[in-house]
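The next block holds one structure in the form of structure tokens; read it before the comments.
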Amino acid sequence: MNPRTAKPLLLVALALAVLVFPWMVSSSYWLNMVNLAIGFSVACLGLNIVLGYTGQLSLAQAAFWGVGAYTSAILTTRLGMPVWGGMVAAFVVAGLFGVLLGIPTLKLTGHYLAMTTIGFGIILQLILINAIWLTNGSDGIPKIPSPSIGSLELKDPSTFFYIAAFSLVLLTWASIRLKDSRVGRAFMAIRENEMAAETTGVDSTYYKVMAFALSAAYGGFGGWLFAHSGSHYISPDTFSFDQSVVLLAMAVLGGNGSATGSVVGAVLLTMAPEVLRFLKDSYMMVYAAGIVAVMIFLPGGIASLVRTLPVSQRLREWWHTGSKAAQQVEIATDVTARARPQPAVLPVGAGSTGTLLTVKGLAKYFGGLKAVDGVDMEVRRGEIQALIGPNGSGKTTILNMLSGLYVPTTGDIVLDGTPITGQKPHVITSHGVARTFQNIRLFSALTVLDNVMIGQHSRSTTGLVPSIFQPASQQAEEAAMRKKALDMLDFVGLRGKEFAEAKSLPYGRQRVLELARALVSDPKLLLLDEPAAGLNAAETEALLDLLFQIQDQGITILLVEHDMSLVMNVSDHITVLNFGKKIAEGAAEEIEKNQEVIDAYLGTEVGNA
Amino acid sequence: MLKVEGIETWYGAIQALKGISLEVQQGEIVALLGANGAGKSTTIKTITGMLKPAKGRIEFLGKDITSMEAEDIAEAGIACVPEGRRIFPGLSVSDNLMLGATPRHNPSKADLGRDLERVFHLFPALKEFEDRLGWQLSGGQQQMLAIGRGLMSGAKLLLMDEPSLGLAPVLVQEVFKVIKAINKAGTTILLVEQNARMALLIADRGYVLETGRLTLTDTAADLLANEDMKAHYLGAHAHVKEARQRRHRARPSV
């Protein structure tokens, strides 16, 4: 069947299934369990955004769950706010708490981040216990009202189930949509390689806070579902660190990075203890052993198992046939088959002379080590300039300052009349500087196409809300980005590999992909850190042609490289560093003969190195 | 000394080695050449036990090591200087070097001290930065450290994966001199290199890999003279100069 017609049918089938479900499960005990599982699922969906998509470990999800539950419970019981108003408040207030957690933890990663989130969760729980005037302390809040539609109060678990199921479907849908959008890609770029994400134009500060806020808002919504169903009673001990760990286990067991996976994980771990109760005393042990076994044999969670099944791969292909993205890739392939489009040669006009980059008195000290010690340098527009020098002479440090990864100790950097000294990497990228890294930094687990799509982050604008709802403007931008990405892959010779994982490419191709990711951001200045490292003679030659083609497009290149067969032949101008200081400057012919450069760097076998 | 027979190694569903056989004799330097993705590093990883071959046999000093664990292979006397250095970034230079000696059986303090001095003699820069942490070294110094660490194992066979990667020309020349010197002092070497010319200048023999298969093997001198080799692996410099001239003709203004 064609997915175009099948998708609405599937949706109808899903709606029917939801509709008849409460009649199939007549026991209100089990329906309450299902509602509870849905509340957990929503919280796990949130955790999946911050942990699965963005790669930030948070152990405070139960606290946000609690913030949502308490916000709505207090507003509805004390102030008599309608339950729907409580829902919005739970979502928003928890989201704000997420921002509160996000901001101080920006600089932290790994176990430091985990520790901080644990602390945050504990503080919130202590507030719930001790702010008795607000929360009623450890007695908790009883008699939380049920939501109602018109005069119908959704009091019994079967009617509340509709609300819960509807929100779950909607929130799962939103989080799946988000994954395949500009914002979702920015999240995943941070997860894959934060430094590369920054230099590719992603403001990691902004997106990490956004991920924390969104995750917390989902958590808050889960709390709202919890507070207004089941026993209609909440108390602080529910929202403990232990519960955060359980939520984490659910998200990881289901499959880190998969929205549906986290729902499956949440449902499984909520239901399993109930199903296992017949084992009496040992049921918790069996339950725990089950979790351990899954983690040992399925480290990627249940989602990774499902993903690798041949049947699900075929299903996915079927699902994507005829989608806009697939069509676009196919059309572009047809065009390639007919004629390889030539990259547009930018007019090398009036603005093409003069200086693009001016560096004055640039220095970077690491403690007592003067890595770069007062370097003056100019890069002329449209030229290929090489920066060479012995290992440790400060070449990469200069590139890191030019791209914003290091803040210079002193000195000025001016790009095309704009001072960019000490700016953040993503700001510098948007000013028109792109770079590659000495040891390739790709978004390895993402596809080749996604890597190049993220490369256009600084040249696109779609924000969070349109990323989820995907209106025409979002789709148009997405299509334009995809087209540009495909053209770029064509230009560097990576077409046909769009959907390969970046890390599956051979080393040399990965270098080319990194170059494509940099180029697609429309840089004025391209910084290349040892692009020929690890390439053989034939590949180096291909790289050389590529560099000339890039130059022909009007892009200025600053190149750090040790392969003299490349440097001496592509460079219009060469700057030589030693011990952080400039020791020579000039055309290749002059540099080759400079005795100081030969002694410090070239050695005597330049001709056959 | 090392005998590899028809090894086939897979990465999941992708077959990286499609039956590689090679030999290294005591005292030799053997170069393993080929393009990216040809399987050079996979061969090294299979020999050192980091990857297990699906088929084939690896023999070292007459002993079958095919299914041995990496740490046992290291103990048997094969050391590796891995691609991309892989030094321990949080440890000092001397700790990095001492860890290289892990595979040795109860080495005496005097022996270790003597070998350490030998490494410092080869790489005076390491002596100077003895107490610095791994990550504080520059790329070239890290490479020196990785080689030094390999030497500390007292291995009979040293596998080197791209030792010239990311080094300044003067250091590349230095590294190859050191490799030759290490070999002269009695260590057998299997050398993987992109820099085919330099590798063949110091090697006795060479093997060429293409997409997981051996396509060519000969003495280093004959490989250097081989026309195919010149075109594909050695001749970049000449070609590049032509490209430059082509470009000068096309764009006289540049």
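Taken together, the values in this text are just the output of simple stated rules run on the coordinates, not laboratory data. Since this is a predicted model, take the numbers as computed values, not measurements. A quick note on method: Cβ atoms are made from the backbone with ideal geometry, for glycine too, and the neighbour counts reach across all protein chains shown.
Worth a mention:
- For the stretch A:388-457: rounded, prolate or oblate by the Cα gyration tensor [a/c cutoff 1.5]: oblate
- Note on residue B:227 and residue A:292: with the Förster distance fixed at 56 Å, the Cβ-Cβ geometry gives a FRET efficiency of about 0.40.
- Under Karplus coefficients 6.51, -1.76 and 1.60, residue-wise ³J(HN,Hα) of the stretch B:218-231 in Hz, glycine/proline x: 6, 6, 4, 4, 5, 5, 4, 8, 5, 5, 4, 4, 4, 5
- Relative contact order for the stretch A:352-608: 27 percent, from Cα pairs under 8 Å spaced at least 6 residues apart, divided by residue count.
- With the simple spin-label model, which puts each label point 7 Å out from Cα in the Cβ direction, the residue A:206 to residue B:219 separation comes to 6.6 nm.
- The length gained by stretching the chain between residue A:366 and residue A:276 to full extension, at 0.36 nm per residue less their Cα-Cα distance, is 26.5 nm.
- Highest average packing first - A:268-277, A:430-439, A:537-546, Cβ atoms within 10 Å: A:430-439, A:537-546, A:268-277
- Each of A:222, A:174, A:134 was placed along the dipole of the stretch A:16-251 (beta-carbon charges, centred on the mean Cα), and the one lying farthest toward the positive end is A:174.
- Simple point charges give the picture: +1 on the Cβ of Lys and Arg, -1 on the Cβ of Asp and Glu, and for the protein assembly as shown a dipole about the Cα centre of about 1460 debye.
- Basic side chains Lys and Arg get +1 at the Cβ, acidic Asp and Glu get -1 at the Cβ, and with that the dipole of the stretch A:16-251 about its Cα centre reaches some 260 debye.
- Put simply, the Cα atoms of the stretch A:425-504 extend 37, 31, 23 Å along their principal axes, the longest span coming first.
- Nitroxide proxy distance, nm - points 7 Å out along Cα→Cβ at residue B:184 and residue A:20: 8.6
- Two-site label geometry, residue A:549 and residue A:127: point separation in nm, points 7 Å out along Cα→Cβ: 5.6
- Under the Karplus curve 6.51 cos²θ - 1.76 cosθ + 1.60, θ = phi - 60°, whole-Hz ³J(HN,Hα) for the stretch A:162-175, x wherever Gly or Pro sits: 4, 4, 4, 5, 4, 5, 4, 4, 4, 6, 5, 4, 4, 6
- Computed across the stretch B:82-124, the Kirkwood radius stands at 11.4 Å (inverse of mean 1/r, all Cα pairs).
- For the stretch B:3-9, backbone phi angles converted through the Karplus equation (6.51, -1.76, 1.60; θ = phi - 60°) give residue-by-residue couplings of 10, 10, 10, x, 6, 10, 10 Hz, Gly and Pro being listed as x.
- Taking 0.36 nm per residue of sequence separation and removing the Cα-Cα distance, the residue A:153/residue A:134 pair yields an extension gain of 4.2 nm.
- Counting only alpha carbon atoms, the long axis of helix A:472-492 and the longest principal axis of chain A meet at about 40°.
- Gyration tensor (alpha-carbon) shape descriptor, the stretch A:476-595, a/c threshold 1.5: prolate
- With the convex hull of its Cα atoms as the shape, chain A has an orientation-averaged projected area of 33.1 nm².
- Rounded if a/c under 1.5, otherwise prolate or oblate - the stretch A:352-608, Cα gyration tensor axes: prolate
- Total charge dipole magnitude, the stretch A:352-608, about the Cα centre, Cβ charges on Lys, Arg, Asp, Glu only, Debye to nearest 20: 940
- What the Cβ-Cβ distance of residue A:28 and residue B:86 gives, at R0 = 60 Å and to the nearest 0.05, is a FRET efficiency of 0.50.
- Peptide ranges B:192-198, B:57-63 listed from the most packed, as the mean C-beta count within 10 angstrom indicates: B:192-198, B:57-63
- A convex hull fitted around the alpha carbon atoms of the stretch A:16-251 yields 120 Å³ per residue.
- P(r) tail, chain B: Cα-Cα pairs separated by more than 23 Å, 53% of all pairs.
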